[in-house]
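Here is the structure we will look at.
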Amino acid sequence: MAATNSLSGGIDNRYSDNARRAESNEQSDLETRVNLNIQHLSDPGQCTSAVDMGLGYGYWHDDTYDSEVYTNGTLQGQCELARGLVWQASNTVSHVTQDNRRADTQDNQTRKNVFRTGPVYTLQLTQVDQLQFSAAYEQTEFEEREEPDSDRVTGTAAYNHSFSDTLQGGLSASAQRTELDTGAELDRESAVVTFSKVWATTQVSGSLGKNRLETRLGSQTVSSDGITGTFNLSREINPSSEFTLNANRQLTDRTSTLGLRFDDFNFNLTESDAVEVTVVRAGYNARFSDGSAFRAEISTSRSDYVQTGNREERSGIDLRYSRPVTTLLSWFADAAYEHQRFEDEGAEDQVALLSVGLDYQLSTRMDIRSAVGHQQKTSDIAAREYEENWVAVSLNYQFF
């Protein structure tokens, strides 16, 4: 693959009649955000790098929130030190929700930075058999001081076998030590079986393993065991439509990178350290002969916090439809619904969203998007309820 570079920027304006998403005493405000996005992929060689980063500055005209700099994206790189030996490094920055029970607003978010580096050594035993050894150091930092930072060290040994050009399987074992700023230490050991299979229109991959997680804080020790695994399926229904299914069950902690694999999944950072997470998603994408497109996703997740015994459950559906009006103008509609349940409170929340908008291509490099929307949250706890109406206009320009 040849090297690629792109740079784009824009201005987003979003007016809300309830910027704090409060149950009463609603306050309207307009946020203007200036964005810059860069993507880079280096030429193949001994060392390679990839960048996908966004930088933004948001300003609230009526001072509902303080002005803030936003960063989001990933830097990756690797170098081949010797035959079969590669050193990898990556850094990911994202904004995550602190408390899942509160509204998703600026004062309920924190910046999360995950840095990871370490060697990977691959030994090709035969044409179909491979051994791989890896070690990694990972550091997770949150911008808010009350959130726990962590240092994590992981070692993994894996064996992979190619049964055919379309079927692979393997075994792996790993050990991990995590130390959090709270003083807690987490030790995790796992043994996993992996597989992948490819057909003409279908791809399946996954893993199944046994995990043990031990958490220590002072003189208190809590151990938990469980069956964990992943399953990924992608099927091309026809040349213009596709179905995907992803499932993941892990024993982990709230500072882990699991959320990076599921874009809108968040741990409750106010909860305990160790957590057992199950996430399942199914999606359908289709493009029609008239240029219109439809996307649907159904998801469900459950978080069991080991030390407190609390459980959070989420399920939802997300729909999007777009259709061209002319070669330069198209319209779109989005609808979403999410149900949340918090076992310790015995409370349930529902969030519904609906929006419609227009996309207009001003030139080959510039486009404008406008949208109006409504969001509503109902809850067994009245203080968490709100309604919001909003209008957004964005201008984007592709520099190169």
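The values are calculated or read from the model by the stated rules, or taken from the named source; none is laboratory data. Since the structure is predicted, the reported quantities are computational estimates derived from the model, not experimental observations. All Cβ positions, even for glycine, are placed from backbone atoms using ideal geometry, and neighbour counts span all protein chains on display. We work out accessible area using only protein heavy atoms, side chains counted, and drop any ligands, DNA or RNA first. Shrake-Rupley method; radii C 1.70, N 1.55, O 1.52, S 1.80 Å.
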Charge tally for neighbours of Leu354 with beta carbon under 14 Å away, counting Lys, Arg as +1 and Asp, Glu as -1, is -3
The answer for Asp253, listing residues at least 5 apart or on another chain whose modeled amide H is closer than 5 Å to its amide H, is Val275
With the 1.4 Å probe rolled over protein heavy atoms, the range 1-44 has an accessible area per residue in Å² of 59
Karplus (6.51, -1.76, 1.60) ³J(HN,Hα), θ = phi - 60°, over the range 312-319, in Hz, Gly and Pro reported as x
10, 10, 9, 8, x, 9, 10, 10
Springs between alpha-carbon atoms under 10 Å, Gaussian network over the chain: tell me which of Gly226, Gly45, Gly155 tops the mean-square fluctuations.
Gly45
Which order, highest average first, do 81-87, 316-322 follow once you tally other Cβ atoms within 10 Å for each residue and take the mean per peptide?
316-322, 81-87
Going Cα to Cα from Lys210, which lysines come in below 23 Å? Please leave out same-chain ones fewer than 8 positions away.
Lys197
Taking Lys and Arg as +1 and Asp and Glu as -1, residues besides Trp87 with C-beta under 14 Å from its C-beta add up to +1
Residue span Ser241 to Leu171: 0.36 nm per residue of separation minus Cα-Cα distance leaves a gain in nm of 21.8 nm
Once the mean of 1/r over all distinct C-alpha pairs in the chain is inverted, the Kirkwood radius in Å reads 23.9
In Å³ and rounded to a whole number, note down the convex hull volume per residue for the Cα atoms of the range 123-188.
103
With a 1.4 Å probe and every protein chain kept in, tell me what percent of the accessible surface of the range 82-217 is carbon plus sulfur.
55
Choice from Thr230, Thr71, Thr201 showing the highest fluctuation, given a GNM over the chain with Cα pairs closer than 10 Å
Thr201
Filter the chymotrypsin sites (Phe, Trp or Tyr not before Pro) in the range 136-231 down to the DSSP loop ones having no more than 12 other Cβ atoms within 10 Å, then list what survives.
Phe163, Trp199
Using a cut-off of 13 Å between beta-carbons, work out the net charge of the residues near Asn396 (Lys and Arg +1, Asp and Glu -1, Asn396 not included).
0
Under the Karplus curve 6.51 cos²θ - 1.76 cosθ + 1.60, θ = phi - 60°, whole-Hz ³J(HN,Hα) for the range 188-199, x wherever Gly or Pro sits:
10, 10, 8, 10, 9, 9, 10, 7, 8, 9, 10, 10
How much mean residue ellipticity at 222 nm does the chain get from its helices, if each DSSP H run of length 4 or more adds -39500 (n - 2.57) and you divide by all residues, to the nearest 500 deg cm²/dmol?
0 deg cm²/dmol
Gaussian network model of the chain, Cα springs within a sub-10 Å range: biggest mean-square fluctuation belongs to which of Glu147, Glu31, Glu343?
Glu343
Cα gyration tensor shape of the range 57-101, rounded if a/c is under 1.5, else prolate or oblate by comparing a/b with b/c:
oblate
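What Kirkwood hydrodynamic radius do you get for the range 33-154 when you take the inverse of the mean 1/r over all pairs of distinct Cα atoms, in Å?
17.3
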Beta bridge orientation in the range 304-373: antiparallel %, DSSP, nearest 5
100
Can you tell me how the range 111-235 classifies by the Cα gyration tensor, rounded, prolate or oblate, using a/c under 1.5 as the rounded cut?
prolate
